[in-house]
Amino acid sequence: MNYQEIITTILEICIIPLLGILTKMLVAYLQTKSKELASKTDNEMAEKYIKMLTETITSCVISTNQTYVESLKHKGEFTIEAQKVAFKDTYENVLKILSEDCKDYLREAFGDLEIYITNRIEAEVKAQKI
(Lines give C-alpha, C1' and ligand atoms only; values in the text may rest on other atoms or scores of the structure.)
Protein backbone atom coordinates (compact mmCIF):
# COMPACT_ATOMS: atom_id res chain seq x y z
CA MET A 1 0.00 0.00 0.00
CA ASN A 2 1.37 3.32 -0.91
CA TYR A 3 1.01 6.65 0.82
CA GLN A 4 -1.89 7.86 -1.36
CA GLU A 5 -3.91 4.69 -0.75
CA ILE A 6 -3.40 5.04 3.02
CA ILE A 7 -4.64 8.66 2.95
CA THR A 8 -7.66 7.66 0.85
CA THR A 9 -8.50 4.82 3.22
CA ILE A 10 -8.21 7.09 6.27
CA LEU A 11 -10.49 9.64 4.60
CA GLU A 12 -13.05 7.00 3.70
CA ILE A 13 -13.05 5.37 7.13
CA CYS A 14 -12.65 8.34 9.49
CA ILE A 15 -13.07 11.75 7.98
CA ILE A 16 -16.13 11.28 5.77
CA PRO A 17 -18.31 9.80 8.58
CA LEU A 18 -17.12 12.64 10.87
CA LEU A 19 -18.31 15.17 8.32
CA GLY A 20 -21.81 13.67 8.53
CA ILE A 21 -21.76 13.88 12.32
CA LEU A 22 -20.42 17.44 12.26
CA THR A 23 -23.08 18.45 9.74
CA LYS A 24 -25.81 16.97 11.93
CA MET A 25 -24.43 18.81 14.98
CA LEU A 26 -24.21 22.07 13.03
CA VAL A 27 -27.84 21.75 11.86
CA ALA A 28 -29.00 21.04 15.44
CA TYR A 29 -27.03 24.04 16.73
CA LEU A 30 -28.47 26.34 14.06
CA GLN A 31 -32.02 25.16 14.80
CA THR A 32 -31.55 25.84 18.52
CA LYS A 33 -30.15 29.31 17.86
CA SER A 34 -32.99 30.02 15.44
CA LYS A 35 -35.59 29.08 18.09
CA GLU A 36 -33.81 31.24 20.68
CA LEU A 37 -33.79 34.18 18.30
CA ALA A 38 -37.47 33.73 17.45
CA SER A 39 -38.35 33.56 21.14
CA LYS A 40 -36.29 36.66 21.88
CA THR A 41 -37.90 38.48 18.96
CA ASP A 42 -41.40 37.52 20.17
CA ASN A 43 -40.57 38.69 23.70
CA GLU A 44 -39.16 41.97 22.42
CA MET A 45 -42.20 42.52 20.21
CA ALA A 46 -44.59 41.74 23.06
CA GLU A 47 -42.69 44.08 25.34
CA LYS A 48 -42.74 46.82 22.69
CA TYR A 49 -46.48 46.60 22.02
CA ILE A 50 -47.50 46.24 25.66
CA LYS A 51 -45.37 49.25 26.54
CA MET A 52 -46.89 51.17 23.64
CA LEU A 53 -50.40 50.29 24.82
CA THR A 54 -49.66 51.18 28.44
CA GLU A 55 -48.16 54.55 27.54
CA THR A 56 -51.02 55.32 25.16
CA ILE A 57 -53.68 54.47 27.75
CA THR A 58 -51.92 56.50 30.43
CA SER A 59 -51.64 59.52 28.13
CA CYS A 60 -55.25 59.29 27.00
CA VAL A 61 -56.59 58.92 30.55
CA ILE A 62 -54.55 61.94 31.69
CA SER A 63 -55.73 63.95 28.70
CA THR A 64 -59.39 63.08 29.29
CA ASN A 65 -59.05 63.96 32.97
CA GLN A 66 -57.47 67.32 32.19
CA THR A 67 -59.75 68.37 29.34
CA TYR A 68 -63.08 66.89 30.37
CA VAL A 69 -63.41 65.22 33.75
CA GLU A 70 -61.85 67.86 36.01
CA SER A 71 -64.02 70.69 34.70
CA LEU A 72 -67.17 68.63 35.15
CA LYS A 73 -66.14 67.59 38.66
CA HIS A 74 -65.59 71.23 39.66
CA LYS A 75 -69.09 72.06 38.43
CA GLY A 76 -70.55 68.98 40.16
CA GLU A 77 -71.73 67.68 36.79
CA PHE A 78 -69.67 64.50 36.49
CA THR A 79 -72.64 62.16 36.18
CA ILE A 80 -72.81 58.52 35.17
CA GLU A 81 -73.56 59.68 31.62
CA ALA A 82 -70.50 61.98 31.66
CA GLN A 83 -68.39 59.06 32.91
CA LYS A 84 -69.54 56.97 29.95
CA VAL A 85 -68.63 59.80 27.56
CA ALA A 86 -65.21 60.17 29.19
CA PHE A 87 -64.56 56.45 28.86
CA LYS A 88 -65.77 56.36 25.23
CA ASP A 89 -63.54 59.32 24.30
CA THR A 90 -60.53 57.75 26.00
CA TYR A 91 -61.15 54.37 24.37
CA GLU A 92 -61.53 55.88 20.89
CA ASN A 93 -58.39 57.98 21.31
CA VAL A 94 -56.41 54.89 22.34
CA LEU A 95 -57.55 53.07 19.20
CA LYS A 96 -56.72 56.07 16.99
CA ILE A 97 -53.19 56.28 18.34
CA LEU A 98 -52.25 52.58 18.24
CA SER A 99 -50.84 51.32 14.95
CA GLU A 100 -52.62 48.52 13.11
CA ASP A 101 -49.59 46.26 13.69
CA CYS A 102 -49.88 46.89 17.41
CA LYS A 103 -53.63 46.17 17.42
CA ASP A 104 -53.14 42.98 15.40
CA TYR A 105 -50.40 41.77 17.72
CA LEU A 106 -52.46 42.52 20.84
CA ARG A 107 -55.51 40.77 19.37
CA GLU A 108 -53.38 37.72 18.69
CA ALA A 109 -51.76 37.81 22.12
CA PHE A 110 -54.78 38.68 24.29
CA GLY A 111 -57.82 37.73 22.25
CA ASP A 112 -60.60 40.31 22.62
CA LEU A 113 -58.82 43.64 22.27
CA GLU A 114 -61.87 45.67 23.30
CA ILE A 115 -62.13 43.91 26.67
CA TYR A 116 -58.38 44.10 27.23
CA ILE A 117 -58.20 47.84 26.52
CA THR A 118 -61.35 48.48 28.57
CA ASN A 119 -59.84 46.71 31.57
CA ARG A 120 -56.55 48.57 31.17
CA ILE A 121 -58.31 51.94 30.96
CA GLU A 122 -60.35 51.18 34.07
CA ALA A 123 -57.22 50.11 35.93
CA GLU A 124 -55.40 53.28 34.87
CA VAL A 125 -58.30 55.50 35.96
CA LYS A 126 -58.32 53.77 39.33
CA ALA A 127 -54.53 54.09 39.65
CA GLN A 128 -54.68 57.81 38.92
CA LYS A 129 -57.37 58.32 41.58
CA ILE A 130 -55.07 56.97 44.27
(message) On the basis of being at pLDDT 75 or above, surrounded by 10 or more Cβ atoms within 10 Å (Cβ to Cβ) and not β-branched (Val, Ile, Thr), does GLU36 make the cut?
(response) no
(message) Return the pair list, or none, for Cβ contacts closer than 9 Å from residues in the range 105-123 that are touching a residue at least 40 places away in the same chain (Cβ under 8 Å) and aliphatic (A, V, I, L, M) to residues that are surrounded by 14 or more Cβ atoms within 10 Å (Cβ to Cβ) and not in a helix (DSSP H, G or I), at least 6 apart or on different chains.
(response) LEU106/LEU98; ILE117/LEU98
(request) Please give the helices (runs of 4 or more DSSP H) falling wholly within the range 47-130 in which 3 or more residues are touching a Gly at 6+ places or on another chain (Cβ under 6 Å) and surrounded by 11 or more Cβ atoms within 10 Å (Cβ to Cβ). (result) none
(message) Quick check on VAL69: is it β-branched (Val, Ile, Thr), more than 20 Å from the chain's Cα centre (by Cα), under 25 Å from LEU113 (Cβ atoms) and at pLDDT below 90?
(response) yes
(message) Looking at (1) closer than 30 Å to TYR116 by Cα; (2) at pLDDT below 80; (3) not basic (Lys, Arg), which one does LEU19 not meet, given that it meets all the others?
(response) (1)
(request) Considering (1) part of a loop (DSSP other than H, G, I, E, B); (2) more than 22 Å from GLN128 (Cβ to Cβ), say which one LYS35 fails and leave the rest. (result) (1)
(message) For the list (1) modelled with pLDDT under 90; (2) under 20 Å from the mean Cα position of the chain (by Cα); (3) of a type in the set (Asp, Glu), I need the number of the one condition that ASP104 fails.
(response) (1)
(request) With the checklist (1) closer than 14 Å to GLU55 by Cα; (2) under 18 Å from the mean Cα position of the chain (by Cα); (3) of a type outside the set (Asp, Glu) in hand, flag the one item VAL125 doesn't pass. (result) (2)
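The values are calculated or read from the model by the stated rules, or taken from the named source; none is laboratory data. If you're wondering where the values come from, they're calculated on a predicted model, not measured in any experiment. Every residue, glycine as well, gets a Cβ built from its backbone with ideal geometry; the counts of neighbours run over all protein chains shown.
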